[in-house]
């Protein structure tokens, strides 16, 4: 009896920012910060758009494969250079006259999972019960009010501050993480420093503890600061934990299995890949790995942008 082929794969990724990350809105506004970052409209929480993750994954995987022209400039490729190309198969392509080939993956927005905040107990990572559960984590607490902070800290005082906000302490929090990240050093280092607050407070805590920097434009002729060119910009701080979902929809089921890099205008002919590509998700994972060194978003020349994938796992959707 033949086995039924999977219609799709639902993979969940967890990330940690190694540097501040700035994904700008593309303009300036009046207010505390000139150059703001992208936010979710309903919650006002910062996020990393799926388009930014997609662009980085495509660019870096193509670079690693040795075929950078397959990322963004693929319209210039000849027809035979698009056949059996794992980059184009994964991310899709377009033609000058319209149409083309659809990609086989869909990358969702990366949402905040745990947000670092300064407290009198040192750095802590703040989240909500609902956010942890939605991302696949299992806190042992089921409810929190607007005046309480549930924590895994060994903290003897009855109150704790989260930036400017003082809350009552409720101890005994335990958060069970997915197996794929439970043993990672990034997760182990914060398990006893997690604080959960109400959804009402979380957005205020995040937006009041974003990293805000001030810069000034440089006059290229003099090499000195441009007059009246001071500006501020915000970013997700270093050590923010995020998560996102990726759907692999390989409806053709014809992925060109690849274990070598592109060379001399030939697919799969160069040096061996660190890990063979057997499906579109393998290509995406390679791109994310390079984002740990090359970063995403803006201000990369100012030390912004590096983000590390600390684990991924398949989500089994029960119906």
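The values are calculated or read from the model by the stated rules, or taken from the named source; none is laboratory data. Since this is a predicted model, take the numbers as computed values, not measurements. Ideal geometry is used to build each Cβ from the backbone, glycine not excepted, and the neighbour counts take in all protein chains shown.
Points to keep in mind about this one:
- Qualifying residue in segment 32-40 (condition: at pLDDT below 65, buried (at least 16 other Cβ atoms within 10 Å of the Cβ), assigned by TED's automatic domain parsing to the domain that holds residue 248 and assigned to a loop (DSSP other than H, G, I, E, B)): yes
- Residues of segment 178-200 that are out of contact with any helix residue (DSSP H, G or I) (no Cβ under 8 Å at 6 or more places or on another chain) and in contact (Cβ under 8 Å) with a residue 40 or more places away in the chain: 178, 179, 180, 184, 186, 190, 192, 193, 194, 195, 198, 200.
- Pair list, Cβ under 6 Å, 6 or more apart: segment 49-62 residue in the same structural domain as residue 274 (by TED's automatic domain parsing), other residue part of a loop (DSSP other than H, G, I, E, B) and modelled with pLDDT of 95 or more: 49/109; 50/108; 50/109
- Restricted to strands (runs of 3 or more DSSP E) entirely inside segment 207-319, those with at least 2 residues that are at pLDDT 95 or above and under 24 Å from residue 112 (Cβ atoms) are 241-248, 307-314.
- Residues in segment 299-318 that are farther than 12 Å from residue 56 by Cα and under 16 Å from the mean Cα position of the chain (by Cα): 300, 304, 308, 309, 310, 311, 312, 313.
- Residue 289 satisfies every condition listed in (1) touching a strand residue (DSSP E or B) at 6+ places or on another chain (Cβ under 6 Å); (2) under 15 Å from residue 57 (Cβ atoms) except (1).
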